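The values are calculated or read from the model by the stated rules, or taken from the named source; none is laboratory data. Just so it is clear, the structure is predicted and the values come from calculations on it, not from any experiment. Here the Cβ positions follow ideal geometry from the backbone for every residue, glycine too, while neighbour counts run over all protein chains shown. Each accessible area value is taken on the protein alone, full model and side chains, heavy atoms only, with ligands, DNA and RNA left out. Shrake-Rupley method; radii C 1.70, N 1.55, O 1.52, S 1.80 Å.
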Amino acid sequence: MRVGPKAQGLVGRKRGALCLLVSRLVLTVSAPAEVRRRVLRPVRSWMDRETLALADRHFRGLGGGVPGVGQAPGRVAFISEPGAFSYADFVRGFLLPNLPCVFSSAFTQGWGSRRRWVTPAGRPDFDHLLRTYGDVVVPVANCGVQEYNSNPKEHMPLRDYITYWKEYIEGGYSSPRGCLYLKDWHLCRDFPVEDVFTLPVYFSSDWLNEFWDALDVDDYRFVYAGPAGSWSPFHADIFRSFSWSVNVCGRKKWLLFPPGQEEALRDRHGNLPYDVTSPALCDTHLHPRSQLAGPPLEITQEAGEMVFVPSGWHHQVHNLDDTISINHNWVNGFNLANMWRFLQQELCAVQEEVSEWRDSMPDWHHHCQVIMRSCSGINFEEFYHFLKVIAEKRLLVLREAAAEDGGGLGFEQAAFDAGRITEVLASLVAHPNFQRVDTSAFSVRPKELLQQLREAVDAAVAP
């Protein structure tokens, strides 16, 4: 069992000891990992030597830190032609500076979902979805009910949700049941046989799904579907991951804030807003710093277009039409330090919340890690295992100086990944709270893995 992948964590949401101590664990059933890998295997070739050198210089310049707070650009970059935009272009223009962009519908025109899930009029093909997935049970959120900074969910067969959706449209986009939104459906995990999409090369270095596929437990690949007016409240993506989102049909309006600007939107109690379009943000008594926040970067995403959401960018998303989208959360060497920083903040938040029991609770530090995992989806021990799984695969590539299975991951990409893991693993190993974790049963001790990585990285850069 593990926490559902949209757990928002403690930082930035209302805190309470009762909330912290309630474990919201979700039992997940997965399709065979070998099936998922066969359907979703990324295309070959990512990083070249020039891009590796550029990325290494960038992170050396940060000195182990994370990028500073920036202002939103005046407009989002729009990438028109697939043939004129390389992975190196994406690294230079968007991964390193941590900036959003939009890819045109030309990047997704061959996707099976865009052919089969959509009518000639550009609307959701309910008949096809019913025939193919009607009996699948899907998670559905009620957009009209606030639960902390999110919405409560229920589960129902897709056919029942489509029946509701049709009635909602016939009722003039209104229903006594409220506005329901299908969110976080693990279609590729639970129903992997249909040709749904082709993973773009720009997002192929995806450690979260590589890790969960290796464990054959879960994934961070989702389908969202809902009527015009459905929306997702203000949030940043789990673990401060990157995300990408493609509209199979319909349009979305995005409101994005660069890292740090969300702090000016907190209310006088320190809570982030649920809805950044609410008039309540103009109340300077309730939101004393809201006037310091810059305007959001607004994106209107058309059908077929693909939005890249950088690490740590808070955002709110509204469906302007009846919309279906495919979304991934992903972490790699470019935002691994952000993830590690976020996990440290989460642990500090837990420890602060239960500090009054520090002297009276046996194994207080261990319980803090348990609570952190329940609320955030991961703790320090599991983060180590995440790093270990990715590190061992990269070490294999570096030692053999060839890609695994003859394709996909190249030497330069493995060298970059190993270097980023080495830096973060060194920080994890030195962290006092990780030093309290019992590592005696680990198949590879953390310091031993760190030494292996350092030797491999040194050998990779040697002339």
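Which distance in nm do the two modelled labels at H385 and A106 give, with both placed 7 Å along the Cα-to-Cβ direction?
The two pseudo-label positions are separated by 4.5 nm.
On the principal axes of its Cα set, how long, how wide and how thick is the stretch 213-303? Give whole Å, largest value first.
Result for the stretch 213-303: principal-axis Cα extents of 48, 32, 19 Å.
Just to compare against my own numbers: the Cα pair-distance distribution for the chain, 10 Å bins, whole % per bin, please.
All Cα pairs, binned at 10 Å, distribute as 4, 19, 31, 28, 15, 3, 0 percent.
Taking 30 Å as R0, compute the FRET efficiency from the Cβ-Cβ separation of S355 and R289 and round it to 0.05.
0.70
Which value, in Å² rounded to 10, gives the accessible area of E392 with a 1.4 Å probe and all protein chains present?
It works out to around 70 Å².
What accessible surface, in Å², does a 1.4 Å probe find on W254, ignoring ligands, DNA and RNA and rounding to the nearest 10?
Its accessible surface works out to 10 Å², give or take rounding.
Calculate the spin-label point distance for D48 paired with A121, positioning each point 7 Å from the Cα along the beta-carbon direction, and give it in nanometres.
Result for the modelled spin labels: 4.7 nm.
Out of every Cα pair in the stretch 100-183, what percent are spaced more than 23 Å from each other? Present the calculation step by step, with values, prior to reporting the outcome.
Working: 1264 of 3486 pairs.
Result for the distance tail: 36 percent.
Any idea which of G122, P273, H366 is furthest toward the positive side of the dipole for the chain, if Lys and Arg beta-carbons carry +1 and Asp and Glu beta-carbons -1?
The Cα lying farthest towards the positive end belongs to P273.
Select from Q451, G144, F383 the residue farthest towards the positive end of the dipole of the chain; place +1 on Cβ of Lys and Arg, -1 on Cβ of Asp and Glu, and compute about the Cα centre.
In the chain, that residue is G144.
Amide H neighbours of V138 under 5 Å, counting only residues 5+ apart in sequence or on other chains, H built in-plane at 1.01 Å?
Here M156, L158 satisfy the definition.
Report the convex hull volume per residue for the stretch 143-230, counting only C-alpha atoms, in Å³.
150 Å³
Let me check against my output: what whole-number percent is the relative contact order of the chain, with C-alpha pairs under 8 Å and at least 6 apart?
22 percent
If the only charges are +1 at each Lys and Arg Cβ and -1 at each Asp and Glu Cβ, what is the size of the charge dipole of the stretch 278-429 around the Cα centre, to the nearest 20 debye?
Using only the charged Cβ atoms, the result is roughly 420 debye.
Cross-chain or 8 or more residues apart, Cα under 25 Å: how many lysine pairs in the chain fit that? Count them up, please.
Number of lysine pairs found: 19.
With a Förster radius of 51 Å, plug the Cβ-Cβ distance of R268 and R399 into 1/(1 + (r/R0)^6) and report the FRET value to the nearest 0.05.
Taking R0 as 51 Å, the efficiency between R268 and R399 is 0.40.
Rounded to the nearest 500, what is the 222 nm mean residue ellipticity of the chain from helices alone, with -39500 (n - 2.57) per DSSP H run of 4+ residues and division by all residues?
Helix contribution divided over all residues of the chain: -10500 deg cm²/dmol.
Please list, in order along the stretch 147-154, the HN-Hα scalar couplings obtained from phi with the Karplus expression 6.51 cos²θ - 1.76 cosθ + 1.60 (θ = phi - 60°), rounded to whole Hz, x for Gly and Pro.
10, 6, 9, 9, 10, x, 10, 10
To one decimal place, what Kirkwood hydrodynamic radius in Å is obtained for the stretch 199-355 from all pairs of distinct Cα atoms?
The answer is 17.0 Å.
Which value, in debye to the nearest 20, describes the size of the charge dipole of the chain about its Cα centre when Lys and Arg Cβ atoms bear +1, Asp and Glu Cβ atoms bear -1, and nothing else is charged?
Dipole magnitude for the chain comes out near 320 debye.
What whole number of Å gives the distance from the Cα centroid of the stretch 409-463 to the Cα centroid of the stretch 274-336?
The stretch 274-336 and the stretch 409-463 have Cα centres spaced 34 Å from each other.
Report, to the nearest whole %, how much of the accessible area of the chain belongs to carbon and sulfur atoms, 1.4 Å probe, protein only. Could the numbers behind the result be given before it?
Numbers: 10210 of 19860 Å².
Answer for the chain: carbon and sulfur cover 51 percent of the accessible area.
Quick check for you: with a 1.4 Å probe and neighbouring chains kept, what is the accessible area per residue of the chain, in Å²?
I get 43 Å² per residue for the chain.
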